[in-house]
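Structure first, then comments.
Throughout, read-outs are computed from the coordinates displayed, never taken from laboratory work. Every value quoted in this text rests on a predicted model; they were computed, and no experiment measured them. Positions of Cβ are generated from backbone atoms using ideal geometry, with glycine treated the same way; all protein chains shown enter the neighbour counts.
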2 protein chains.
Amino acid sequence: MATVTPLMADGQAVSSVRFDERGLVPTIVQEDGTGDVLMMAWMNAESLRETLETGRTVFWSRSRQELWRKGDTSGDRQLVRRAMYDCDGDTLLFVVEQVGRGACHTGAHSCFTRFLGTPPAAPDNGEDDHE
Amino acid sequence: MATVTPLMADGQAVSSVRFDERGLVPTIVQEDGTGDVLMMAWMNAESLRETLETGRTVFWSRSRQELWRKGDTSGDRQLVRRAMYDCDGDTLLFVVEQVGRGACHTGAHSCFTRFLGTPPAAPDNGEDDHE
């Protein structure tokens with residue numbers, strides 16, 4: 001169900017987020033259920049606060065230098081289900097329900113569709129023919 | 001099976017990676033199979049090349065200003081299974097087999113263990129009692 005629900009922010013947790021010299025923190029967006037990594041974008045303090053308050057992802061657009069309420073134009077909104085920060089406090093992870101076509105501006109489900117190389121040959125998955 | 005296998009790098013793909021003004025690119029590490037997001041770290045061109053060539057994650061340590069061959073000290077190595085880059089070419093995603101205790105220097109499986117707030121109340125998952 002595509003329900004938008006604000007999070008009850010933990011003030012101490014939020015205040016331990018470390019923004020970089022530009023005032024930004026890298027934010028990974030992962031899909032709830034599938035576990036697909038959808039995209040990475042940047043938040044500043046204001047977009048983080050608004051994300052938690054509204055329950056929708058809001059980023060800082062470095063190219064446009066403005067708040068970017070994901071999906072306002074495309075409809076491809078992201079409804080926050082879980083919000084985490086890492087051991088150093090310098091990276092965020094939002095687990096979301098992706099609404100619309102997908103997370104990527106290309107229309108793809110995920111921004112990560114291209115490979116840097118050919119994976120090694122898959123191991124033989126024949127049943128019971130080897131340990 | 002904890003097998004280290006180099007990737008056959010796609011030169012055109014690798015050359016389209018966009019490093020930031022410090023020569024770094026944020027790199028998400030996800031566990032193969034579980035889909036768990038384990039950590040985020042930074043690569044420069046040399047660590048990316050070495051990662052693909054050796055099949056183990058190698059990062060650039062911003063604090064130590066040196067190559068960081070993940071697991072050399074701890075044993076908690078990451079064996080690359082898939083290597084992707086995003087639509088903008090400015091973020092990488094490595095899907096790995098995590099060896100050892102876990103990805104985090106704290107000994108945790110993932111660096112993302114702490115919540116920024118309380119998730120909304122879970123929806124009623126009772127069976128067949130509502131649409």
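Sequentially through segment B:84-97, phi angles give Karplus couplings (6.51, -1.76, 1.60; θ = phi - 60°) of 10, 9, 8, 4, 8, x, 10, 9, 10, 9, 10, 9, 10, 9 Hz, Gly and Pro residues having no value and appearing as x. If you add up the charges near A:Glu66, with Lys and Arg at +1 and Asp and Glu at -1, over every other residue whose beta carbon is less than 15 angstrom from its beta carbon, what do you get? Local net charge: +2. Once the Cα atoms are used to define both axes, helix B:45-54 deviates from the longest principal axis of chain B by about 80 degrees.
The magnitude of the dipole of the protein assembly as shown, with charges of +1 and -1 set on the Cβ of Lys/Arg and Asp/Glu and taken from the Cα centre, is near 1160 debye.
Entry for chain A at q = 0.10, 0.14, 0.15, 0.18 Å⁻¹: log10 I(q)/I(0) = -0.38, -0.65, -0.72, -0.97, Debye formula applied to identical alpha-carbon scatterers, no solvent contribution. 3J(HN,Hα) along segment B:4-13, derived from phi through the Karplus expression 6.51 cos²θ - 1.76 cosθ + 1.60 where θ = phi - 60°, amounts to 8, 9, x, 8, 7, 5, 8, x, 5, 4 Hz, with x in place of Gly and Pro. Couplings for segment A:36-44, taken from phi via the Karplus curve 6.51 cos²θ - 1.76 cosθ + 1.60 with θ = phi - 60°, read 4, 7, 8, 5, 10, 8, 10, 10, 9 Hz in order; Gly and Pro are left as x. Stokes-Einstein diffusion for the protein assembly as shown, with the hydrodynamic radius set to the Kirkwood value over Cα pairs and evaluated at 20 °C in a medium of 1.002 mPa s, equals 111 µm²/s. One Cα centroid belongs to segment A:1-38, the other to segment B:15-73; the line between them spans 22 Å.
Counting Cβ atoms of other protein chains within 10 Å of each residue's Cβ and taking the mean over peptide A:30-43 gives 3.
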